[in-house]
1. Chain D: which residue's Cβ hugs the D-to-A rotation axis most tightly, distance rounded to whole Å?
2. Compute the separation of the alpha-carbon centres of the range C:68-133 and the range A:1-39 and state it in Å as a whole number.
3. For F:THR29, place a label point 7 Å out from Cα along the Cα→Cβ vector, do the same in each other copy, and report the separations in nm, one decimal, smallest first.
4. Rounding to the nearest 10 and keeping the result within 0 to 90°, find how far the Cα-based axis of helix D:43-57 lies from the longest principal axis of chain D.
5. Mind putting together the pair-distance distribution for the protein assembly as shown? All Cα pairs, 10 Å bins, whole percent per bin, short to long.
6. What list do you get for C:PHE121, D:PHE4 if you sort them by fewest beta carbons within 10 Å?
7. Between copies, how far apart are the A:ARG17 label points? List them in nm, one decimal, shortest first, with each point 7 Å from Cα toward Cβ, please?
8. Quick one: angle between helix B:81-93 and the longest Cα principal axis of chain B, in degrees between 0 and 90, rounded to 10, please.
Protein chains: 6
Amino acid sequence: MATFGLTEYADASAEVRAIYDDILATRKTDYLNNFWKALAAHPESLRRTWESIKQVMAPGALDPLTKELIYLAVSATNQCGYCLASHTASALAKGATKEMLSELLAVVGMANETNALAGGFQVEIDERFKTHA
Amino acid sequence: MATFGLTEYADASAEVRAIYDDILATRKTDYLNNFWKALAAHPESLRRTWESIKQVMAPGALDPLTKELIYLAVSATNQCGYCLASHTASALAKGATKEMLSELLAVVGMANETNALAGGFQVEIDERFKTHA
Amino acid sequence: MATFGLTEYADASAEVRAIYDDILATRKTDYLNNFWKALAAHPESLRRTWESIKQVMAPGALDPLTKELIYLAVSATNQCGYCLASHTASALAKGATKEMLSELLAVVGMANETNALAGGFQVEIDERFKTHA
Amino acid sequence: MATFGLTEYADASAEVRAIYDDILATRKTDYLNNFWKALAAHPESLRRTWESIKQVMAPGALDPLTKELIYLAVSATNQCGYCLASHTASALAKGATKEMLSELLAVVGMANETNALAGGFQVEIDERFKTHA
Amino acid sequence: MATFGLTEYADASAEVRAIYDDILATRKTDYLNNFWKALAAHPESLRRTWESIKQVMAPGALDPLTKELIYLAVSATNQCGYCLASHTASALAKGATKEMLSELLAVVGMANETNALAGGFQVEIDERFKTHA
Amino acid sequence: MATFGLTEYADASAEVRAIYDDILATRKTDYLNNFWKALAAHPESLRRTWESIKQVMAPGALDPLTKELIYLAVSATNQCGYCLASHTASALAKGATKEMLSELLAVVGMANETNALAGGFQVEIDERFKTHA
């Protein structure tokens with residue numbers, strides 16, 4: 001279980017409940033996942049993390065689905081089981097297909113392979129890659 | 001420098017040169033970067049890695065630019081300096097804007113943060129995330 | 001389960017039992033956790049690891065609780081589930097409060113985020129940070 | 001160099017300059033390090049990251065020096081060269097001694113070792129560590 | 001469970017079944033493990049990954065058991081639970097003894113420790129290690 | 001440079017010099033590499049790390065070259081530049097050939113790829129891999 005248990009909506013303070021409400025409204029869902037209920041043990045962390053996620057994951061130069069895919073790429077690289085389970089669900093909800101997720105993981109696999117090869121062969125950075133401004 | 005030095009085109013065997021030619025033709029460029037010149041120390045690895053990259057990075061359910069962004073997400077997470085330098089250049093060549101790369105890194109940063117939080121708080125996977133078939 | 005099972009106290013050799021006794025006495029507890037019972041499959045590793053841990057975690061310029069927090073910071077970064085569970089328990093036993101652990105995880109989260117940003121933006125080390133002797 | 005170069009104070013927009021001013025005032029220094037100058041390529045990321053860092057690193061249940069040590073523990077685990085250089089300087093500025101940093105790294109080293117051992121031996125979490133609420 | 005479920009032999013397409021047959025024949029076993037059944041959700045990834053593994057793990061300058069040990073070293077470092085479980089079984093099947101696996105993990109532990117120390121102390125590469133061609 | 005500089009032999013205390021002598025004698029070399037000179041800033045860490053390395057890397061059920069290869073596998077996975085440079089040199093000194101190191105890196109690359117795939121596809125551990133005692 002989570003380090004300090006999960007704070008259910010019914011047991012939450014007014015401060016935490018307001019953040020929960022914003023999460024549910026922003027995401028257009030009535031399900032609050034365990035990550036937020038765990039973070040609620042420290043309301044300051046809950047607020048800061050949610051405000052940051054809301055800003056970062058909003059549509060911008062990259063669309064929300066692409067951002068979900070990037071999230072999954074990081075989570076697979078870090079072997080974060082919780083993150084993979086929850087963000088796979090998010091990606092599917094945002095329209096990812098099985099084919100897209102499969103290609104995503106193929107790229108993630110190759111990137112992890114070539115990262116290790118570039119490091120292991122101690123490849124020096126090409127002069128032309130040192131300036132890309 | 002690379003563990004076994006870099007194999008320049010002029011010094012390459014016919015076998016390696018054929019792979020070099022395919023890399024340059026596929027990528028529509030006349031510049032071969034150090035990663036491939038380093039891998040050429042082991043032609044079997046050069047061939048296998050190139051064939052895999054060519055297959056995985058080709059357009060599919062995900063477009064090539066999205067695939068480059070995913071590559072960068074993994075490379076930033078792994079602190080692979082070479083990979084970040086070369087794939088930032090690739091992403092720019094494929095049309096990534098400064099704004100897109102900045103948003104990418106913002107997502108990568110947040111994902112690394114919440115991965116650590118989900119792990120650190122030992123959050124259990126929600127029942128509903130255990131089945132997404 | 002552990003690769004080679006767990007060696008219970010009753011089944012341990014005299015050599016292993018002596019190390020178990022030292023662990024229990026040093027930690028002022030009568031509970032031996034699975035990590036040590038797993039390592040006992042290789043008495044040399046059990047002895048070396050315990051002797052190192054005993055030395056490194058002893059009070060010094062840093063107090064034992066600060067050292068536990070550092071342990072947790074590494075374990076959250078590495079997504080080591082066992083280590084997070086056992087060292088969260090240790091930290092609480094050494095006087096960590098829920099507030100302290102929450103702040104710890106907030107710092108760990110931010111550090112993982114900015115590590116990825118510093119890598120991803122390929123930030124060069126400032127001249128003045130290159131000499132701190 | 002940084003992906004999009006460094007934004008010097010003299011070249012910064014009013015928005016970025018206001019954040020720079022807050023960083024310098026909060027830290028009671030007249031030196032702005034490269035990390036912030038690199039992030040300034042994306043003012044939204046600069047603002048969000050700085051606001052988060054300011055909140056997380058402020059004195060609380062943990063003192064600022066302990067927080068710096070935790071930052072270093074994560075950065076050493078992630079092999080983030082920039083972060084190690086800049087936060088070692090910060091830790092020294094906040095009163096860390098050579099002895100404290102040495103003990104910190106000793107703990108970080110041991111934690112990385114035992115994380116790998118706990119994972120490698122596939123040690124199961126003890127029942128008593130599963131509940132610490 | 002796996003993101004897209006597991007494709008059992010009886011439910012597999014002719015294309016996937018042919019790859020399954022090659023895996024079983026090459027490995028001289030009648031048991032197909034979950035990793036391949038999961039990858040079968042994307043036949044292209046199944047084929048490419050299997051062809052690469054078959055090539056890379058075949059006897060060469062390094063014998064198959066040494067290659068399994070290297071696989072385990074990476075998997076322990078990455079905290080990949082599935083990989084540790086399946087490759088520990090493979091190593092035992094290829095003749096690894098309990099003593100060998102214990103020594104392997106001891107080396108993996110020390111390498112993870114000294115990697116963190118070399119990074120944390122920001123040790124510069126010795127001149128003589130920069131050229132080993 | 002290293003956090004606290006490098007302690008040269010001529011400037012070392014008798015305690016440190018005795019450890020330096022043991023390193024040089026054990027390794028049958030007259031060259032002391034920067035890692036040890038950096039660790040000497042904290043003699044306790046120097047002694048403990050050296051004693052552990054000496055024990056772990058000694059011939060046993062695994063030969064010294066296999067142990068060096070395992071060290072390299074971990075170092076490539078962790079992107080530890082210093083460790084890759086110094087242990088590549090060590091491996092060559094212990095008889096590794098260019099072909100062996102190339103195959104090593106090919107396995108390391110594949111293991112990092114399949115680790116990410118096993119994590120990303122959230123593959124469950126096969127029942128038969130849960131017991132290997």
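Coordinate-derived values only; no laboratory data. Computed from a predicted model, the values in this text were never measured in an experiment. Counting neighbours? That spans all protein chains shown, and the Cβs are built from the backbone with ideal geometry, glycine included.
1. D:SER52, 3
2. The two parts, judged by their Cα centres, are 25 Å apart.
3. Ordered by increasing distance: 3.6, 3.6, 3.9, 4.0, 5.3 nm.
4. 50
5. 3, 14, 25, 29, 20, 8, 1, 0
6. Listed from fewest to most nearby Cβ atoms, that is D:PHE4, C:PHE121.
7. Output for A:ARG17: 4.7, 6.0, 6.0, 7.4, 7.7 nm, nearest copy listed first.
8. 90
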